[in-house]
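Every number here is computed from the coordinates shown, using simple stated rules; none is lab data. Keep in mind the model is a prediction, meaning the values are calculated, not measured. Note that we place each Cβ from the backbone using ideal geometry, even for glycine, and neighbour counts take in every protein chain shown.
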Amino acid sequence: MTESLAASGLTIAAAMAKRQQLRGISDTPDLDVALLLCHCIAKPRSYLYSWPERELDASQEQQFRALLDRRIAGEPIAHILGERDFWSLRLAVSPLTLIPRPDTECLVERAIAMLDGQRAPRVLDLGTGTGAIALAIASERADAVILATDFSAEVLSLAEQNRDTLKLNHVQLVCSHWFESIPAQRFQLIVSNPPYIDPQDIHLIEGDVRFEPKSALVAEDGGMADLQHIISVAPDYLKSGGKLLLEHGYNQAELVRECLRERGFVDVGSQVDYGGNERISWGTWQ
């Protein structure tokens, strides 16, 4: 017996054609409409292409149109659906946190490579937000001892929700503004994706970032204040030979490398993201 949806007059193919309404609003209109539609009909994306003639029922059509209107208004897909895929994980997100982005997976890749060959490494993730970085590392290193921090208890509860859902219980969560509330200890690796956007950057009024908390995006001193603070204090929490790994703005790599060297880090380097911009930098503490 073939599956049938109660007729509403709107077929899957017609719903997918609504992507035209997102031209100029989204860089990925086809994907956006597909994700919204899958959410409304509770089917995988493959279903959309297998059954384009199927009609949505009345409640599905109503929900789809409402969600599409929110996207047309510019609201991020992640906020509309309440989740975002990152690494191999599906994470709950909220307007309280930065939306995990694919380019940050470059930092995770580098972190995992840095931990290769180390037994039960201790890792610190500063400003964890949804928990994306800490949980991605934890998913690859069951033996790692990972501490993740955020200054907001409300944000930390979202990271805790993601940790518990994914059953990655070797990630400990602590409410702390950067290093302030971290007990004295040393780590093999400290990672962070801190705020690094200049408060005057015009991109703050464009795209998804309009809906994200400025506290997770903006830093003083041209976006360098938090990066500089982390670089300054990190040596007090690193083991000899430990590494500091940072995400930063597309035009900040040279400044970050300079700050790392001035603080005494060696083996300083940078790596490009998927768009070819130098997005992460690191150094080793001796």
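At E140 and Y49, where each label point lies 7 Å from the Cα along Cα→Cβ, what is the point-to-point distance in nanometres?
Each label point is offset 7 Å from its Cα along the Cβ direction, giving 2.8 nm.
Counting Lys +1, Arg +1, Asp -1, Glu -1, what net charge surrounds F187 among other residues with beta carbon under 12 Å of its beta carbon?
Charge balance in the 12 Å sphere: +2.
Taking H as built 1.01 Å from N, whose amide H comes closer than 5 Å to the amide H of F86, not counting residues under 5 places away?
L91
Any idea what % of Cα-Cα pairs in the range 200-255 are farther than 17 Å?
Cα-Cα pairs in the range 200-255 separated by more than 17 Å: 49 percent.
As a test of the formula, what do you get for the chain when each DSSP H run with n ≥ 4 contributes -39,500 (n - 2.57) and the sum is divided by the residue count, at 222 nm and rounded to the nearest 500 deg cm²/dmol?
Only helices count here, giving -10500 deg cm²/dmol.
Could you work out the mean projected area of the convex hull around the alpha carbons of the range 139-286, in square nanometres to one decimal?
9.6
What length, rounded to one decimal in nm, is gained on full extension from Q118 through to Q161, with 0.36 nm per residue of separation minus their alpha-carbon distance? Present the calculation step by step, with values, prior to reporting the outcome.
Working: separation 43, 0.36 × 43 = 15.48 nm, distance 2.83 nm.
Here the segment from Q118 to Q161 would lengthen by 12.6 nm.
Mind listing the phi-derived Karplus ³J(HN,Hα) values for the range 89-98, rounded to whole Hz, using 6.51, -1.76 and 1.60 with θ = phi - 60°, and x for any glycine or proline?
10, 10, 10, 6, 10, 8, x, 7, 10, 5
Net charge within 12 Å of V233 by Cβ-Cβ distance, Lys/Arg positive one each and Asp/Glu negative one each, not counting V233 itself? Walk me through the intermediate numbers first.
On the way: positive: R263; negative: E180, D226, D236.
Result for the local shell: -2.
Could you tell me the relative contact order of the range 1-95? Use alpha-carbon pairs under 8 Å, at least six residues apart, and round to a whole percent.
30
Of the listed peptides 144-151, 55-62, 199-206, what is their order by residue-averaged count of other C-beta atoms within 10 Å, with the highest listed first?
Packing proxy ranking, top to bottom: 144-151, 55-62, 199-206.
Could you work out the percent of alpha carbon pairs in the chain separated by over 32 Å, rounded to a whole number?
Roughly 32 percent, rounded to a whole number.
In percent, what relative contact order does the chain have, based on Cα pairs under 8 Å that are 6 or more apart in sequence?
Across the chain, relative contact order equals 13 percent.
By the scheme Lys and Arg +1, Asp and Glu -1, what is the net charge of all other residues having a beta-carbon under 11 Å from that of T11?
-2
Can you divide the C-alpha Rg of the range 52-187 by 2.2 N^0.38 Å and report the result to two decimal places?
Here the answer is 1.25, to two decimals.
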